[in-house]
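Input: a single structure, listed below in structure tokens.
The values are calculated or read from the model by the stated rules, or taken from the named source; none is laboratory data. Predicted model, so just to flag it, every value in this text is computed and none were measured. Don't worry about glycine lacking a Cβ; one is built from the backbone with ideal geometry, like all the others, and counts go over all protein chains shown.
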Amino acid sequence: MVVIPAIDLKDGRCVRLSQGRASEQKVYDDDPISVAERFAAAGAELVHVVDLDAAFAGSKSLNRSIVENIVEKVGLPIQFGGGVRTADDVRELIDKGVSRVVLGTLVCESPTEVRKLVSEFGKSIAAGIDAVDGKVMAKGWKAETNVTSLELASTVAELGVTRLIYTDIKRDGMLNGPNIEQTVAVARTAGIPVTASGGVSSLQDIQNLRDAGEPLVDSVIVGRALYEKRFTLKEALEAASRGD
């Protein structure tokens, strides 16, 4: 299992939110580049970067220049999401060196456009499914849809997307464990690899995901637990690989 450390950007700083609420923000570092450098030194294969300013405002922000700097100065592959609402957004990010662009709202609102982007960029396109009580949320987790996470997982697979990131919003930033049952259900419905996101608080959580019996759940995003030093990235990588 791959452990993917997260960098959530707001006003150019590394922050974490609780359940995606902007009012529940905690700043952990003013220098995202140095954070990425520490992740690289610890052995990260990939970093998950979210532009919270763009996710909430629905338009690109200055945080994208930080992403470009991470690619240039640190050299780590970047998986990027937040406020990616148009094909031009995707092309700009890939031109900046982003390895994988995560589409959320666009998957809900314009599956035809997503299909075109998958045709153009292939594995560089991933889909993000962010849900509360099984219902998908869009537009920075502020807009509830009538679509279930399992319905959208099926749609995503039909569009040709080859990677899905599933986030249980109620767990995100709460340090109360990932929703393993729902993550596994999403993976089995989509039939494509799924990255788990939201709630990881301990090395045991990582081991539980690894041992859940679903090989399609092959990676996990970890954020707040790292920033609050519940464990190190090196320890997380070791826990994820143990028994492989």
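Quick notes
- All of ASN63, ASN69 fail the test of being more than 22 Å from PRO193 (Cβ to Cβ), of a type in the set (S, T, N, Q) and either crowded, with 23+ Cβ neighbours inside 10 Å or in contact (Cβ under 8 Å) with a residue 60 or more places away in the chain (or both), apart from ASN63.
- ILE94 meets the conditions (1) within 14 Å of ARG163 (Cβ to Cβ); (2) at pLDDT 95 or above; (3) in contact with a strand residue (DSSP E or B) (Cβ under 7 Å, 6 or more places away or on another chain) in every case but one. The failed one is (1).
- Residues that are out of contact with any strand residue (DSSP E or B) (no Cβ under 7 Å at 6 or more places or on another chain), closer than 26 Å to TYR166 by Cβ and in contact (Cβ under 8 Å) with a residue 12 or more places away in the chain are absent from region 23-39 altogether.
- Selection count where residues are assigned to a helix (DSSP H, G or I) and under 21 Å from GLY198 (Cα atoms), scope region 107-134: 2
One line per residue, one yes/no per condition, for (1) surrounded by 19 or more Cβ atoms within 10 Å (Cβ to Cβ); (2) of a type outside the set (Phe, Trp, Tyr); (3) at pLDDT below 95; (4) under 30 Å from SER110 (Cα atoms):
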{"position": "ALA6", "(1), (2), (3), (4)": "yes, yes, no, yes"}
{"position": "LYS10", "(1), (2), (3), (4)": "yes, yes, yes, yes"}
{"position": "ARG16", "(1), (2), (3), (4)": "yes, yes, yes, yes"}
{"position": "LYS26", "(1), (2), (3), (4)": "no, yes, yes, no"}
{"position": "SER34", "(1), (2), (3), (4)": "no, yes, no, no"}
{"position": "HIS48", "(1), (2), (3), (4)": "yes, yes, no, yes"}
{"position": "GLN79", "(1), (2), (3), (4)": "yes, yes, no, yes"}
{"position": "GLY82", "(1), (2), (3), (4)": "yes, yes, yes, yes"}
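- Scanning region 172-197 for residues being over 30 Å from SER119 (Cβ atoms) and without any contact (Cβ under 8 Å) to a residue 40 or more places away in the chain gives a total of 5.
- Given (1) touching a helix residue (DSSP H, G or I) at 6+ places or on another chain (Cβ under 9 Å); (2) on the phi < 0 side of the Ramachandran plot, number of the condition GLN79 does not satisfy: (1)
- Residue in region 237-244 that is within 26 Å of LYS26 (Cβ to Cβ), touching a strand residue (DSSP E or B) at 6+ places or on another chain (Cβ under 7 Å) and modelled with pLDDT of 95 or more present: yes
- Meets criteria (more than 19 Å from ARG38 (Cα to Cα) and buried (at least 19 other Cβ atoms within 10 Å of the Cβ)) for VAL90: yes
- If only residues of region 106-129 that are under 20 Å from ALA55 (Cα atoms), under 18 Å from the mean Cα position of the chain (by Cα) and touching a residue at least 40 places away in the same chain (Cβ under 8 Å) are counted, the one that is surrounded by the fewest Cβ atoms within 10 Å (Cβ to Cβ) is CYS108.
- Residues that are of a type in the set (Val, Ile, Thr) and more than 18 Å from the chain's Cα centre (by Cα) within region 130-180 comprise THR145, VAL147, THR148, THR155, listed in sequence order.
- One residue from GLY83, GLY43 being within 21 Å of SER197 (Cα to Cα), under 18 Å from the mean Cα position of the chain (by Cα) and not aliphatic (A, V, I, L, M): GLY83
- Residue check, ALA55 within 18 Å of the chain's Cα centre (by Cα), buried (at least 23 other Cβ atoms within 10 Å of the Cβ) and modelled with pLDDT under 95: yes
- Region 112-150, residues that are in contact with a Lys or Arg (Cβ under 8 Å, 6 or more places away or on another chain) and on the phi > 0 side of the Ramachandran plot: ASP133
- For region 117-150, filtered to residues that are out of contact with any strand residue (DSSP E or B) (no Cβ under 8 Å at 6 or more places or on another chain) and acidic (Asp, Glu), the residue that is modelled with the highest pLDDT is GLU120.
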